[in-house]
Amino acid sequence: MVRGVLIGLAEVVPGVSGGTIALVTGVYDTLIVGAGHVVTGVRQGVADLVRGRGAGRASVEMRRAHWSRLLPIGLGMVTAVVVGARVLEPVLEENIEQARAVFFGLILASLVVPVRLVLAYVGRRLTPREWLPGLLAAAAAFVLTGLPPGKVEDPPLLLVGLAASVAICALVLPGVSGSFFLYTVGLYDATLEAVNQRDLAYIAVFALGALVGLASFVKLLQWLLEHRYRATIVVMTGLMAGSLRALWPWQTDDRELLPPGDDALQTVLLAAAGAAVVLILVAVEARMSSGSVQLPGGAGREARHQGDGPARRDS
């Protein structure tokens, strides 16, 4: 549940990816695999209902989703979004530079997580050609996070649903911030206000759009992690690196980057504190795993180094 709280808080902050926090805290695999089973179960249940069959297949698929972990994570996320929307709003408005510094350090240090996953999987260093997709992803993220923000005062519900279906991808894709996307298209303030004021119509349409987007995307990502694991993680690493532009502490309201200001030392210390938190978590995880690295794309899979050859993946 604590991990769910951290992911939920990340979803509220523009520029911070909930998928990144899920990866760092070790529940990324649970979310991807669990969401995949839920999507498959719902699809099978609807198909069997139309054909007049029972719900046996859907029930079996749903039970494979590890609900004992998914439910606490989900509860923590919902709680964090509701509370964080109210608490973080004034913090981001009054101390935006300091907040960006902390999150910059968090995400910068988090890059070590996907890098470790790639190296553990292949058992060797990647070639420059293998890093090319990651570099392209980093360049794309850098450009997109530099787009000037917009603002829509009274957004139509259709636009809310469409935006939610895209923003939810940040939940399962490290390096992509859903709240930052909403900030760019001008719906961040409206969404934050809807949560704080309990605008049920807005929240319901947003949730419906998020469910449609999640159902459409999660199976594709699960397939990529199963069949194109190395390339997918490399691209995720590039997205995380490129998205650091959004968290550069010194920038204008139109996202024009500025050189460090007079408070550079304080800002750097805050970034270092954020990085230290992640590095401590990574060190604890490495010690507990005793050389094994959990791989997204299948529950319980591990990669272990075997000399210079490719790592072995066990079910």
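The values are calculated or read from the model by the stated rules, or taken from the named source; none is laboratory data. Note that this is a predicted model, so its numbers are computed, not measured. Using ideal geometry, Cβ is built from the backbone for each residue, glycine included, and neighbour counts are taken over all protein chains shown. Calculation scope for accessible area: heavy atoms of the full protein, side chains included, ligands and nucleic acids excluded. Shrake-Rupley method; radii C 1.70, N 1.55, O 1.52, S 1.80 Å.
Say each of Thr127 and Ile280 gets a label point 7 Å from the Cα, pointing the same way as Cα to Cβ; how far apart are those two points in nm?
Output for this residue pair reads 4.2 nm.
In whole Hz, with x marking every Gly and Pro, tabulate ³J(HN,Hα) for segment 65-76 from phi via Karplus 6.51 cos²θ - 1.76 cosθ + 1.60, θ = phi - 60°.
Computed from phi, the couplings for segment 65-76 are 8, 6, 5, 5, 9, 5, 5, x, 4, x, 5, x Hz.
Given Cα pairs under 8 Å that are at least 6 residues apart, what percent is the relative contact order of segment 1-116?
RCO, segment 1-116: 39 percent.
Remind me, relative contact order of segment 17-70 in percent, using alpha carbon pairs under 8 angstrom and six or more residues apart?
Once normalised by length, the contact order is 40 percent.
If r is the Cβ-Cβ distance from Asp262 to Asp199 and R0 is 41 Å, what FRET efficiency results, to the nearest 0.05? Walk me through the numbers before you get to the answer.
Numbers: r = 41 Å, r/R0 = 1.00.
After rounding to 0.05, the efficiency reads 0.50.
What distance in nm separates the two pseudo spin-label positions at Glu94 and Ala140, each 7 Å out from Cα along the beta-carbon direction?
4.0 nm
Whole angstrom only: what separates the Cα centroid of segment 177-207 from the Cα centroid of segment 1-57?
After rounding, the separation between the Cα centres reads 20 Å.
Once you place label points 7 Å from the Cα toward the Cβ at Met1 and Val112, how far apart are they in nm?
The answer from the label model is 3.0 nm.
Ranked highest first by the average count of other Cβ atoms within 10 Å around their residues, in what order do 194-204, 36-46 fall? Don't jump to the answer; show the numbers that get you there.
Numbers: 194-204: 13.9, 36-46: 18.5.
My ranking of the peptides, most packed first, is 36-46, 194-204.
Given a 1.4 angstrom probe, what's the average accessible area per residue across segment 247-286, in square angstrom? Walk me through the intermediate numbers first.
On the way: 2410 Å² over 40 residues.
Counting only protein heavy atoms, the per-residue value for segment 247-286 is 60 Å².
Residue separation times 0.36 nm, minus the C-alpha to C-alpha distance between Asp154 and Thr252: what's the value? Mind showing how you got there, number by number?
Working: separation 98, 0.36 × 98 = 35.28 nm, distance 2.50 nm.
So the chain would gain 32.8 nm between Asp154 and Thr252.
Give me the base-10 log of I(q)/I(0) for segment 1-121 at each q in 0.16 Å⁻¹, Debye formula, one uniform scatterer per Cα, rounded to two decimals.
Evaluating at q = 0.16 Å⁻¹ gives log10 I(q)/I(0) of -0.85.
So how much slack lies between Ser68 and Trp223, counting 0.36 nm per residue of separation and subtracting their Cα-Cα distance, in nm?
Working: separation 155, 0.36 × 155 = 55.80 nm, distance 2.38 nm.
So the chain would gain 53.4 nm between Ser68 and Trp223.
Can you tell me the accessible area per residue over segment 17-100, all protein chains present, probe 1.4 angstrom, in square angstrom?
Details: 4230 Å² over 84 residues.
Accessible area per residue: 50 Å².
What are the residues whose amide H is under 5 Å from the amide H of Gln251, where those residues sit 5 or more places off or on another chain and H is modelled from the backbone?
Hits under the 5 Å cutoff: Leu258.
Around Thr145, under 13 Å between beta carbons, what's the net of Lys plus Arg minus Asp minus Glu among the other residues?
Details: positive: Arg100, Arg245, Arg255; negative: Asp254, Glu256.
Local charge sum for Thr145: +1.
How many percent of the accessible area of segment 205-287 is carbon or sulfur, using a 1.4 Å probe? Spell out each step's value before the answer.
On the way: 3070 of 4330 Å².
Carbon-and-sulfur percentage of accessible area, whole number: 71.
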